[in-house]
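Read the structure below first, then the notes.
The values are calculated or read from the model by the stated rules, or taken from the named source; none is laboratory data. Computed from a predicted model, the values in this text were never measured in an experiment. Here Cβ is always computed from backbone atoms with ideal geometry, including for glycine, and neighbour counts include all displayed protein chains. The protein model used for the area step is the full one, side chains on, heavy atoms only, and it has no ligands, DNA or RNA in it. Shrake-Rupley method; radii C 1.70, N 1.55, O 1.52, S 1.80 Å.
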Amino acid sequence: MTSRIYILLLLALTFSSCNLTTSPKVGALGDHAMVVSAHPLSTAVGLNVLKQGGNAIDAAVATQFALAVVYPRAGNIGGGGFSVIRLTDGSIAALDFREKAPAQAERKMFQDSLGNVVGELSTIGHLAAGVPGSVAGMWELHQKYGSLPWADLVQPAIDLAFEGFLITANEAEALNEKQEDFRQANHYRPWVVRENGWQANDYVNQPQLAATLSFIRDSGRDGFYKGIVAQQIVKEMQRGNGLVTHEDLQNYEAIWRAPLVGTYRGHRVISMPPPSSGGVAVLQMLQGAELLNVGRYEHNSTNAVHLMAEIERRVFADRSKHLGDPDYFQVPVQQLLSPDYNASRFADISIDQTTPSTDIQGGEVPYESPETTHFSIVDADGNAISTTTTLNLNYGCKVWVKGAGFVLNNEMDDFSSKPGVPNFFGLIGAEANAIAPGKRMLSSMTPTIVEKDGALKMVLGSPGGATILTSVFQTVLNVIDYEMTMQEAVSAKKVHHQWLPDQIKAETDAISLKTIEELEQLGHSFEFVDKIGRNDCILVREDGRLEGGADPRGDDKAAGF
Ligand code: GLY
């Protein structure tokens, strides 16, 4: 596709895109295949691959590289993520391409001499970067499942980077918000820094990123982890006292892990195991929702919100104490998912009383960024992939690798810099998630697939840091209990409780004034926010058609055929 076509397409999609108030009842429909991602252009790239006969995994690889170009705040080659796959024969797989701590990382690297956490060290600048996993992840996915040539899947991103595209109003706003951070983190002026700020429809081309992607196109994973791009990364690290070395890059491996499988009201739910907390937490929450029959209460009613908050605070307490990289810490996954454990975990929940979070044992809690990205894809054969990737905060650590045109993650902040001290997302971690060389930091990313009667039913996921867990949880309930369309389920206003701080975070208008008053009488307090989650999901409807639910909170786009 030429740049002119991309620009026209973007303009058309921009003007036709929905917002929260005009979100349609039913999302995009397709008889054969569907792509839902954070940007119209990455969706167009993925869809084009499917139309050329590529499978869902081919489309995922192309979508991921396109996101690195058109959605630089979270789409990435300098970050990492997870994919959950279900093939049409029913086989399932999970790939972990999470970033990891460099070999020189130390447990107290973000603490000063008095043992206080120096906040910005783990969020802005070179030290915040973990060893990137995304390119290794895409390579591994393609090696195992790809059907089209690798080069054909990277090329659309190169075209987009080289020929350019028009940025959306949301991207302009996100870029403008971070101008000061970009200046602080870089010793030169990367393209994102602009004297008079950014506006919607400003034209961006990224020839350096196009060159980096060309190395990846021609040499696969080695085009990133070895050679010129690796040299550029290591030089950048040396300029800013970062820790990532050539050995770290060459030693990085994506890891196939056994997916977690649970059930919810007759459905089979397949999700991501540690080092994501996503699968464990969502499967625990679904057990709680089934035990307490949350779905019998009206959507976002007093009882429904109260019960969800009570379930969530217990699950987050478990998360903070027990979850971390399973290669470094014995994570009691089977125990946390056992029906007996959860029956007793949720047994003291009362419909007319809150349990203060101080009465619930857990570890201690860290903050996590809402600025990740998710895409869901189903191909014409029924293969499905759910992928969530991240730089952690918007534009990661804000360091653009000089000459290579891409930004590095600040995923080191997802470790517990000091057990007991909250990270950016207010999440507290314990020993399980302490920093160690080569260790993967705990994540909340929750790529998830749901089956009914042995057939594909939903492909789900969201960005949102800690709110990923509760967004995916609510989207499942919205479809299964509240019988919403996929579009309604993703558009529906969301609420969130993460144990600490002890409050319900709610989107403005998520719950009525009367419900707020009733919840306050029960002892809940509130924080109101603009947006929770950005679910990009697919539903296989009863009539067999695919419905894509693109979250109207962003520029997200579903398209099928
Ligand atoms: N950095 C967000 C996450 O991994 O959940």
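May I ask you to give the percent of accessible area on the chain that is carbon plus sulfur, with a probe radius of 1.4 Å?
49
If you average the sequence gap of Cα pairs under 8 Å that are 6 or more apart and divide by the length of the chain, what percent do you get for the contact order?
So the answer I get is 24 percent.
Helix-derived [θ] at 222 nm for the chain: sum -39500 (n - 2.57) over DSSP H runs of at least 4, divide by residue count, nearest 500?
-10500 deg cm²/dmol
Leaving out ligands and nucleic acids, note down the accessible area per residue over segment 229-349 with a 1.4 angstrom probe, in whole Å².
About 38 Å² of surface per residue is accessible.
I'd like to know which of 355, 328, 503 lies farthest towards the positive end of the charge dipole of the chain, counting +1 on Cβ of Lys and Arg and -1 on Cβ of Asp and Glu.
Positive-end residue among those listed: 328.
So how strong a dipole does segment 476-561 carry about its Cα centre when Lys and Arg Cβ are +1 and Asp and Glu Cβ are -1, to the nearest 20 debye?
It comes to approximately 220 debye.
Kindly state, to the nearest 0.05, the FRET efficiency for residue 196 paired with residue 542, given R0 = 51 Å and r defined as their beta-carbon distance.
0.45
Excluding residues on the same chain fewer than 8 positions from residue 418, give the aspartates and glutamates whose Cα lies under 12 Å from its Cα.
106, 112, 364, 431
Among the GluC sites (Glu not before Pro) within segment 496-561, which fall in a DSSP loop and have no more than 10 other Cβ atoms within 10 Å of their own Cβ?
Listed in order of number, the matching sites are 542.
When Lys and Arg each count +1 and Asp and Glu each count -1, what net charge do the other residues less than 12 Å away from residue 327, Cβ to Cβ, add up to?
Net of charged neighbours comes to +2.
Under a point-charge model restricted to the Cβ atoms of Lys and Arg (+1) and Asp and Glu (-1), what is the dipole moment magnitude of the chain relative to its Cα centre, in debye to the nearest 20?
Here the size comes out at about 900 debye.
Hey, with R₀ at 60 Å, roughly what FRET efficiency would residue 561 and residue 114 work out to, going by the Cβ-Cβ distance, to 0.05?
For R0 = 60 Å, the calculated efficiency reads 0.50.
Find how much the distance from residue 169 to residue 256 grows on full extension, using 0.36 nm per residue of separation minus their present alpha carbon separation; answer in nm with one decimal.
27.6 nm
Suppose the chain between residue 525 and residue 29 were pulled fully straight at 0.36 nm per residue; how much longer would it get relative to their current alpha carbon spacing?
174.6 nm
For segment 94-151, with every protein chain kept in place, what is the accessible area per residue (1.4 Å probe, Å²)?
Heavy-atom SASA per residue in segment 94-151 reads 38 Å².
Going 7 Å from the Cα of residue 517 toward and past its Cβ, which residues in segment 295-309 have a backbone nitrogen under 15 Å from where you end up?
From segment 295-309, the list is 302.
Can you give the accessible area per residue of segment 507-558, in Å², using a 1.4 Å probe?
For segment 507-558, the per-residue accessible area is 45 Å².
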